[in-house]
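The values are calculated or read from the model by the stated rules, or taken from the named source; none is laboratory data. Quick caveat: nothing in here was measured; it's all calculated off a predicted structure. Please note: Cβ atoms are built from the backbone with ideal geometry, for glycine as well, and neighbour counts cover all protein chains shown. The protein model used for the area step is the full one, side chains on, heavy atoms only, and it has no ligands, DNA or RNA in it. Shrake-Rupley method; radii C 1.70, N 1.55, O 1.52, S 1.80 Å.
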Amino acid sequence: MPVWEAMKSQPLKANDVQCFKAIITLHKLIREGHHVTIQEALTQTKFLEDLAHGLGGGVHNGWQNYSVLIRAYINFLLAKLEYHRLHPEFNGMFDYREYVSLRGTNDPNEGYETIGDLMSLQDRLDEFQKLVFRNFQPASNNECRIAALVPLVEESYGIYKFATHMLIAMHQRVDGAEQALEPLRKRYNSQHYALRKFYYECSNLRYLTSLINVPRLPQHPVNLFGDDFVP
């Protein structure tokens, strides 16, 4: 685990900016790395917790608000890792095809729990991205804070795509889906509009759009029943 050892060798608690950049790197590594990367990360949760608790507050080394963002970011990463611990069939990017090949979509109860937990993770991400925007500094170009939005955009869109595919499949397989899946459907619709607002705000950040293509969601959520559904 050379990456984790390298992180531990750095004086991250002494420099909020360096620490924040390191957390962004870890997020991208956990998300995009091999399956073993998640397993390794799950053995390092105490290090992450200690890192969050060992930071100062307010103004630290002349930099404002990074300690607040670092704690929130680590809490999100810990929630993501906990999801992967409970649902080891997922890779870091929540690839639907890989999930189906490993797990299938035939058990509606399991699917309900899987989607419900994933939507909770999406809610955590939404809370954190709002905190990032609130901590933009008027006299700064905010490039470091904006850099954190890159994996958050990618993560949220991966979750959104998985949820869309999975819910469509469940609506085709679950008896009485209109009533049984209504709570998930309402939650999905709510998250669609929240994501659309998030991506709109991101699309107005020139530095961010120079790094990634920000997704553009349709104005309204997709019809999870399929085009032939008649209410």
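Its Cα centre serving as origin, segment 17-59 has a Cβ charge dipole (Lys and Arg +1, Asp and Glu -1) of approximately 120 debye. Structural descriptor for the chain: relative contact order 19 percent, calculated from alpha carbon pairs under 8 angstrom and at least 6 residues apart. For the chain, the fraction of 1.4 Å probe accessible surface lying on carbon and sulfur atoms is 50 percent. In this structure, the amide hydrogen of Val174, modeled 1.01 Å from its nitrogen in the peptide plane, lies closer than 5 angstrom to no residue at least 5 positions away or on a different chain. Placing unit charges on the Cβ atoms only, positive for Lys and Arg and negative for Asp and Glu, gives the chain a dipole magnitude near 800 debye about its Cα centre. Which of the following values of Rg and Dmax of the Cα atoms in Å was calculated from the structure shown: [x] 18.8, 60; [y] 23.2, 97; [z] 17.7, 58? Matching entry in [x] 18.8, 60; [y] 23.2, 97; [z] 17.7, 58: [x].
Dipole of the chain computed with +1 at Lys/Arg Cβ and -1 at Asp/Glu Cβ about the Cα centre; of Gly226, Ile74, Leu42, farthest Cα towards the positive end is Ile74.
Checking every one of the trypsin sites (Lys or Arg not before Pro) in segment 140-231 against DSSP loop status and a limit of 12 other Cβ atoms within 10 Å picks out Arg216.
Ligands, DNA and RNA are left out, and with a 1.4 angstrom probe the accessible area of the chain is 51 Å² per residue. Would you mind checking Lys46/Lys186; Lys80/Lys186; Lys46/Lys197; Lys13/Lys197; Lys13/Lys80 for any pair whose Cα atoms are more than 27 angstrom apart? From Lys46/Lys186; Lys80/Lys186; Lys46/Lys197; Lys13/Lys197; Lys13/Lys80, over 27 Å: Lys46/Lys186; Lys46/Lys197; Lys13/Lys197.
Annotation: aspartates and glutamates with alpha-carbon distance below 12 angstrom to Lys21 (same-chain offsets under eight excluded): Glu143. Placing +1 on the Cβ of every Lys and Arg and -1 on the Cβ of every Asp and Glu, with nothing else charged, gives segment 129-231 a dipole about its Cα centre of roughly 400 debye. Along the chain, counting only chymotrypsin sites (Phe, Trp or Tyr not before Pro) with a DSSP assignment other than H, G, I, E or B and at most 15 other Cβ atoms inside a 10 Å radius, the longest segment between sites is 1-135. Calculated [222 nm] ellipticity per residue, helices only, for the chain: -22000 deg cm²/dmol; basis is -39500 (n - 2.57) per DSSP H run with n ≥ 4, divided by all residues, nearest 500. For segment 89-94, putting each phi into the Karplus relation 6.51 cos²θ - 1.76 cosθ + 1.60 with θ = phi - 60° gives couplings of 6, 8, 8, x, 9, 6 Hz, in residue order, rounded to whole numbers and with x for Gly and Pro.
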